[in-house]
Amino acid sequence: MIKTDIVIIGSGIGALSAASKLCRYNKKITVITKAMRKTCNSSLAQGGISVALSEEDNYKLHYEDTMKAGCYLNDSDAVMTLVKNAPDAINELIAEGMEFDRDENGKLCFGREGAHRLSRVVHAGGDRTGLKVIEQLLKEINENVEINENEMALDLRIKDGVCAGVTTRDKNGKIKKYSAPYTILATGGIGQLYPCTSNDVTITGDGIAMAYRAGCRLKNLEFVQFHPTMLDVNGNAAGLISEAVRGAGGVLVNDKGERFMKDFLPFKDLSPRDVVSREVYARYLKGEKIYLDITAVDNFKQRFPSITEICLSNGIDIDKKLIPVIPGAHFHMGGVEASVKGNTNIDGLYAVGEVSCTGVHGANRLASNSLLEGIVFGRLLADNILSSNRKSVEFDEQISKLTPNKMPTKREIQNKMMEFVGIVRYENKIDEAVKWFEQFSADKAFGRIDISAVSNDQLEIYNMLTTGWLIAKAAEERKESVGAHYIVK
Ligand code: SIN
């Protein structure tokens with residue numbers, strides 16, 4: 001048994017924002033990450049962080065834009081907490097050494113993204129914001145933090161509604177048990193449940209599956225945000241083409257050169273993501289080829305170095321000014337029900353970042369609110385832990401005897417998700433998806449399995465099946481179209 005004060009599963013922005021604060025107070029923190037420390041969705045985030053810091057902006061406008069994008073299904077208090085704390089959180093990060101892009105007068109540059117009424121998105125390294133913030137937070141952590149790379153969380157250690165830590169498998173295949181009074185789920189989202197995604201290959205819905213097996217309450221799982229512009233390489237997504245490109249003047253066109261978003265008023269190409277994704281997808285299904293025309297974007301290569309690199313490495317010539325795009329799964333608004341301080345319904349278990357659902361994003365997340373969520377709620381979670389006094393609990397664990405049925409491939413799961421619970425959902429077909437998933441569960445409810453009997457890859461598939469099944473069931477329950485949940489009757 002490995003004893004620690006706080007065990008954090010995941011190493012993205014929510015995890016490191018909490019860790020960087022907690023470690024100043026002499027807490028022993030163990031971060032477990034499936035791959036390397038910088039391998040997370042946060043590192044891939046391009047656009048930036050929305051924050052009401054410009055002269056013409058204020059948090060009330062940011063609040064209204066967030067609520068409107070979320071179709072008013074947001075938790076209004078959570079949104080208020082996010083937007084009110086945002087300016088201080090970003091100023092603190094700057095004081096700690098974070099360098100956001102500035103103009104020639106030293107003022108912060110603000111980018112424009114979808115459904116924001118004004119330019120409000122701070123960025124770093126052009127389009128390398130997420131990576132720059134992760135590097136900053138890694139600089140801030142001290143010797144109290146141990147990061148265990150290439151170690152996969154297998155299951156939470158739960159007894160009578162209390163979380164006592166986590167069981168993992170390290171890079172040598174050794175099963176390890178951690179005991180801690182505080183366990184934080186920060187595993188990110190579910191992008192790899194779909195065939196096209198902006199998400200890292202490690203993002204397979206593990207957090208939701210583990211939380212489900214632990215008896216956690218889950219919320220809003222049906223809301224999966226698709227981003228309209230991934231780089232299209234033969235029908236596969238080869239990386240994100242940030243919405244900031246459209247904010248800088250890029251426009252969507254089809255193969256006839258028609259600007260098909262120009263009639264979607266008032267935001268046109270910068271309409272909410274669900275609207276743009278549905279339009280691009282409908283045209284894609286009709287056989288149209290869709291491009292982002294970047295003719296009007298000045299200094300593209302300097303402003304978007306990471307997109308330039310992605311295009312170059314996939315043989316796309318930026319100088320031709322047309323980038324082929326396809327929509328892909330990008331962000332999960334639903335997740336483990338949590339307060340803005342990270343509390344879940346399980347004592348000792350906390351959740352932060354994309355795996356959590358505080359209700360802050362409602363039915364559709366406003367662009368560049370996700371890095372912000374990780375920073376603001378990560379720090380609130382740290383404060384929450386610092387002000388409480390939990391003791392670790394010990395118990396003998398019961399090993400499940402259940403083994404999974406024969407499992408499908410990851411690609412088969414991804415194709416089913418896209419067909420049944422993708423950008424468009426057909427009311428009379430969602431139950432087909434639920435049944436399809438259930439054939440792979442020995443107990444028809446994706447319960448705990450004997451984790452020592454499966455490899456990490458098999459457990460990822462089991463987690464994908466579990467999370468896909470839960471998303472399909474949630475989609476089946478919500479009968480009306482709203483935000484990212486679009487039902488055709
Ligand atoms: C983007 O850069 O387009 C993505 C930003 C976000 O998802 O918030």
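The values are calculated or read from the model by the stated rules, or taken from the named source; none is laboratory data. All figures in this text were calculated on a predicted structure; none of them were measured in a lab. FYI the Cβ positions are ideal-geometry reconstructions off the backbone, even for glycines, and counts take in every protein chain you see. When the accessible area is computed, the model is the full protein with side chains, heavy atoms only, and any ligands, DNA or RNA have been set aside. Shrake-Rupley method; radii C 1.70, N 1.55, O 1.52, S 1.80 Å.
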Check your understanding: Using a simple charge model, +1 on the beta-carbon of Lys and Arg, -1 on the beta-carbon of Asp and Glu, nothing else, what dipole does the range 231-274 show about its Cα centre, in debye to the nearest 20?
Key -> 120
Review point. Tally Lys and Arg at +1 and Asp and Glu at -1 over the other residues with C-beta under 10 Å from the C-beta of LEU108: what net charge comes out?
Key: 0
Check your understanding: Between ILE2 and residues 5 or more places away or on another chain, which pairs have amide H atoms under 5 Å apart, with H built 1.01 Å from N, and which residues are they?
Key -> LYS177, TYR178, SER179
Exercise for review: For the range 32-81 and the range 236-262, compute the distance between their C-alpha centroids and round to whole Å.
Suggested key: 22
Review point. Out of the range 117-202, which GluC sites (Glu not before Pro) are coil in DSSP terms and have no more than 11 other C-beta atoms within 10 Å?
Key: GLU143
Study note, to complete from the structure: Filtering trypsin sites (Lys or Arg not before Pro) in the range 107-197 by DSSP loop and by at most 12 other Cβ atoms within 10 Å leaves LYS107, LYS171, LYS174
**Study point:** Restricting the range 330-399 to GluC sites (Glu not before Pro) in coil, as DSSP defines it, with at most 14 other Cβ within 10 Å
**Key:** GLU394, GLU397
Exercise for review: With only Lys, Arg, Asp and Glu charged, each at its Cβ (+1 for the first two, -1 for the last two), find how big the charge dipole of the range 157-243 is about the Cα centre; round to the nearest 20 debye.
Suggested key: 720
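To the nearest 500 deg cm²/dmol, what mean residue ellipticity at 222 nm is calculated for the chain from DSSP H runs of n ≥ 4 alone, each contributing -39,500 (n - 2.57), summed and divided by the residues?
Computed mean residue ellipticity for the chain: -10000 deg cm²/dmol.
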Review point. Of all accessible surface on the range 384-475 at a 1.4 Å probe, what whole percent is carbon and sulfur?
Key: 48
Revision key, fill the gap. Placing +1 on each Lys and Arg Cβ and -1 on each Asp and Glu Cβ in the chain, then taking the dipole about the Cα centre, the residue among GLN458, TYR194, LEU221 whose Cα reaches farthest towards the positive end is GLN458
Point to revise | Positive-pole candidate from VAL360, ALA484, TYR350, dipole of the chain, charges at beta carbon | key: TYR350
Review point. Rounded, prolate or oblate: which one fits the chain, using the alpha carbon gyration tensor with axes a ≥ b ≥ c (rounded when a/c is under 1.5, else prolate when a/b beats b/c, else oblate)?
Key: oblate
Exercise for review: Place a +1 charge on the Cβ of each Lys and Arg in the chain and a -1 charge on the Cβ of each Asp and Glu, then give the dipole magnitude about the Cα centre in debye, rounded to the nearest 20.
Suggested key: 640
Exercise for review: Please list, or write none, the lysines whose alpha carbon is within less than 20 Å of the alpha carbon of LYS107, excluding same-chain residues fewer than 8 places away.
Suggested key: LYS132
Exercise for review: Extending each Cα 7 Å along its Cβ direction at LYS320 and ALA296, get the distance between those two points in nm, one decimal.
Suggested key: 2.3
Check your understanding: Fully extended, how many nm does the chain gain between ASP457 and GLU477 (0.36 nm per residue separation, minus their Cα-Cα distance)?
Key -> 4.2 nm
Review point. Name the residues of the range 355-371 whose amide N is less than 19 Å from a point 7 angstrom out from the Cα of LEU386 along the C-beta direction?
Key: none
Check your understanding: Projected onto the charge dipole of the range 205-255 (+1 at Lys/Arg Cβ, -1 at Asp/Glu Cβ, origin at the Cα centre), which of LEU252, GLY205, ILE241 gives the Cα projection farthest towards the positive end?
Key -> GLY205
